[in-house]
1. For helix 228-256, what angle does its Cα long axis make with the longest principal axis of the chain, in degrees from 0 to 90 and rounded to 10?
2. Roughly speaking, to the nearest percent, how much of the chain's 1.4 Å accessible area is carbon and sulfur?
3. Any idea what % of Cα-Cα pairs in the stretch 329-374 are farther than 13 Å?
4. Roughly how much of Asp529 is accessible, in Å² to the nearest 10, using a 1.4 Å probe?
5. Which three extents, in angstrom, do the Cα atoms of the stretch 213-323 have along their principal axes, listed largest first?
6. On a 0 to 90 degree scale, rounded to 10, what angle separates helix 293-302 from the longest Cα axis of the chain?
7. Once you place label points 7 Å from the Cα toward the Cβ at Thr230 and Asp110, how far apart are they in nm?
8. Calculate one ³J(HN,Hα) per residue across the stretch 421-426 by plugging θ = phi - 60° into the Karplus curve 6.51 cos²θ - 1.76 cosθ + 1.60, and present them in order as whole Hz with x for glycine and proline.
Amino acid sequence: MAGMGRPMLVEQSITLTATPGDVRRALEELDATYLGDATFSLPVDRDPAADGYLRATLALDDDGNTEVLLAAGNGLDLPFFHSIVSSAVSIQYQQEVDRLAAQLLHTCGDGPPPKTKPLRHNPLLPPVPYTHAQAVGLSTAGFAVAVGTFGQAIVGQYSKGIQDTFFGINAHHADTKLTTMLAVIRIGALIALAGGVLSDRIGRRKVILLSLLGLSAMNLVSAIAPDPVTLTALQTLARGFALSALFVGSVVALEEAPERARGFATSMLALAGGFGFTIAVVLLPFAGKHSRWRFVFLLSALAGVLVLRIGKYLKESERFEGVERAHIRKGRIGEVLGGTYRRRFILLAAIGFLTNILTAPSSVLTNNYLKDVHHFSYTTIVLWRMATTSYTGLIGLAMAGTLIERYGRRPTAFVALTVGSIVRFAFYLGGGPVLWLASAIGDMAFACGFLAIGTQNVELFPTEARGTSIGLVNIISVLGSIVGLLAAGIISDHLGGLGHSLAICTIPTLLAALFIVPFLPETRGRDLDEISPSQA
């Protein structure tokens, strides 16, 4: 692509005492193919790229020895997250080069026997190769998700500063007022439903770009909101735009992913979202006090400039284009709620409703809980999140893609949500080291569980209704969010504080894991068109 030119490449040179003919025979024993110009091509184990290569080029030095230049690489050049991906790919290719070097050195009598253990799979790399177009699409969708996640995370992460600004420090029933405000903001899911339906009718790309622009505009005005009512109205719209970008971004990534790599695509999007969330958290010590939260909204608004670059590389889903060419009806709510897909919708909606009774208040009130109950400073909160939520959550997301492809979506969700619920219950009732250990384990487990469910949210419905189905499931999930937020605020003000109220909110997630998740269909190892065939 124009403006790109950073292919991923690893090179290593070794000297062998054997003749070029002996080295050639050694390479042929390793299934090498002669390309000409003293260069041989060898197969790459678990190559992350469809155009990846492993080559050996021979040359005779002045002492009669054979110089062998080993090179492994591909032509992938990503517009976003290139350095991170390149580091992971380079590790994989370096292992390939090291193994080939050890094999040649041993075969030619210049080294010990090589290790026979297979290369370890890096969870940050796909289980099957990505083409250049697929890799660029995933990286672009991931960046869109990161921008959207950062924009929607602000109101939750800075809720304490917003509460102090508008309701006063230690005001009567302050928790109830704040949670009511946050619950109303959840109504923005209606916009996300409209975004989902539109993505099935006018295309994924247009909805993502319009949603990111809408989020930027709402956060720009939120930075100067004069009162809580205005801020609530603006953030209701902002949340709707953000969710639309997140949901439709996940649809694009999974629709364009190679078969057997949909779990990986979901985990990479979640990692990208975690990147956006982390930015909001890292700014807490600087902008968490008083009215400085306004500057974070302004920063999110400025991120709208990045939509131009996202639009340059974001392409329309080929599956959507196929449906478009077929001229079938798209975005039909009746198709989701009736016939083949009704049972799937009911199961996913029930899981979304029950789990959001915890995730909604937990995501926006945990900072308040740590500050008010355990007297954490904002700096300590950031250190706690970096040591527990950020690293372990990211590890969980990276592991999840491998787990759900190896063991299945349903078993992973069952075990992970069960463990996460029990550990999170201990977190809200414990103290001291329990806060750190329970958070680390719980966030890792929840990352795996929710990613497994999120993958099925996309897989279980056809192309022409995929965005619509996600929007409808989200509407039901938001009802759970509203129930959880209102319950947490009321219980906190009347029955013993945020710790007890949030602990009670973990119970519905445990019920969902034990009694609903086991009834989900398993989609591991199945093609997307087999799981949810399109009329096209």
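The values are calculated or read from the model by the stated rules, or taken from the named source; none is laboratory data. Just so we're clear, the structure is a prediction, and the values are computed from it rather than from any experiment. With ideal geometry, Cβ positions are generated from the backbone for all residues, glycine too; neighbour counts draw on all protein chains shown. We work out accessible area using only protein heavy atoms, side chains counted, and drop any ligands, DNA or RNA first. Shrake-Rupley method; radii C 1.70, N 1.55, O 1.52, S 1.80 Å.
1. The angle comes out at about 30 degrees.
2. Values: 13810 of 21480 Å².
Heavy-atom surface of the chain belonging to carbon and sulfur, 1.4 Å probe: 64 percent.
3. On the way: 703 of 1035 pairs.
In whole percent, the share of Cα-Cα pairs in the stretch 329-374 beyond 13 Å is 68.
4. Answer for Asp529: close to 80 Å² accessible.
5. Extents along the principal axes, in whole Å: 49, 28, 24.
6. Computed tilt is about 50 degrees.
7. So the label points at Thr230 and Asp110 sit 7.4 nm apart.
8. Once θ is set to phi - 60°, the couplings for the stretch 421-426 become 5, 5, 5, 5, 4, 5 Hz.
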